[in-house]
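K.L.:
Please find one structure pasted underneath; my questions will follow.
The values are calculated or read from the model by the stated rules, or taken from the named source; none is laboratory data. Remember, predicted model here, so these are calculated numbers, not experimental data. Backbone-built Cβ (ideal geometry, glycine too); neighbour counts: all protein chains shown.
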Amino acid sequence: MRVLLIEANDILAARLVAALRAAGLAVDRSHDAADGEFKQTCTRYDTLIVDRRLPDGDGAAMTRALRGDGVRTPILLLSHRDDPAERIEGFAAGADDCVSAPFALAELAVRVRALCRRTGETRPAFVRSGDLSLDLSRRAVTLCGAPVSLSAKEFAVLELLATRADQVITRSELIECCWDEMADPRSNVVDAVVARLRRRLGRPGLIQSVHGVGFRLGPAESQAA
């Protein structure tokens, strides 16, 4: 899942980015509304996080303009005042959620992940492939009933492969969905994460390589004793 944070305050942005990445999200950042509007036209985001206080306008006005342009991406507005009238204004502008300061970073990350699940096709709460099971809400993985410990990035890659198990996912699509704009598409970051996933899962054939294209999730059947 990939989100765009539109936040002018560098200190707050750094805290938000760290919390969202720890929750397994790829995060891009814009400093103002103009850059945010441009980026969302170039990249498919699962959620936009928009601060009400931007150097070139109000986040609610930006939200209203995006909705007027037909943008249906979920939007979460960040407010610096615990004011019901301000939240009502945000919802009226077309926001899907409004959070007022002070807020817990962990709660914000949960809210953003919930909004991301609204994007595109409905994502199931659980994904199963043979003996492999993913709990997408708790971000937990089990194989043959045993828990598998994964990093946030490893889970993000496995989640994309598992929710589209009948498809080959290209390297470029994995980078677009699971990494932020700083990732170099010419690097081997995808292959490195897939290699770690294979080691952690202990099933060499579970994540299959499609030469020159990308990867797909194979069947996870019980291994013979």
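K.L.:
Residue check: is E89 touching a helix residue (DSSP H, G or I) at 6+ places or on another chain (Cβ under 6 Å), crowded, with 18+ Cβ neighbours inside 10 Å, outside the structural domain of S172 (by TED's automatic domain parsing) and outside any loop (DSSP other than H, G, I, E, B)? Lay out the reasoning, then the answer.
P.N.:
Working: touching a helix residue (DSSP H, G or I) at 6+ places or on another chain (Cβ under 6 Å): yes; crowded, with 18+ Cβ neighbours inside 10 Å: yes; outside the structural domain of S172 (by TED's automatic domain parsing): yes; outside any loop (DSSP other than H, G, I, E, B): yes.
Taking the combined requirement at face value, the residue satisfies it.
K.L.:
Check whether at least one residue in region 8-18 is in a strand (DSSP E or B), aliphatic (A, V, I, L, M) and not assigned by TED's automatic domain parsing to the domain that holds T163, and report yes or no.
P.N.:
Taking region 8-18 and keeping what is in a strand (DSSP E or B), we get none.
No; the residues of region 8-18 include none that is in a strand (DSSP E or B), aliphatic (A, V, I, L, M) and not assigned by TED's automatic domain parsing to the domain that holds T163.
K.L.:
Look at T73 and say whether it is among the hydroxyl-bearing types (S, T, Y), under 15 Å from E181 (Cβ atoms) and either modelled with pLDDT under 95 or not assigned by TED's automatic domain parsing to the domain that holds V112 (or both). Explain how you work it out, then say what you get.
P.N.:
Working: among the hydroxyl-bearing types (S, T, Y): yes; under 15 Å from E181 (Cβ atoms): no; either modelled with pLDDT under 95 or not assigned by TED's automatic domain parsing to the domain that holds V112 (or both): yes.
Taking the combined requirement at face value, the residue does not satisfy it.
K.L.:
Could I ask something else about it? Of these, R29, R21, which one is outside any loop (DSSP other than H, G, I, E, B), surrounded by 15 or more Cβ atoms within 10 Å (Cβ to Cβ) and modelled with pLDDT under 90? Full working, then the answer.
P.N.:
On the way: R29 fails: modelled with pLDDT under 90.
Result: R21 is the single residue among R29, R21 that is outside any loop (DSSP other than H, G, I, E, B), surrounded by 15 or more Cβ atoms within 10 Å (Cβ to Cβ) and modelled with pLDDT under 90.
K.L.:
Where in region 99-211 are there helices (runs of 4 or more DSSP H), lying fully within it, with 1 or more residues that are in the same structural domain as E89 (by TED's automatic domain parsing) and either in contact with a His (Cβ under 6 Å, 6 or more places away or on another chain) or surrounded by 13 or more Cβ atoms within 10 Å (Cβ to Cβ) (or both)? Steps first, please.
P.N.:
Numbers: elements: 105-116, 152-163, 171-178, 189-201.
Qualifying helices (runs of 4 or more DSSP H): 105-116.
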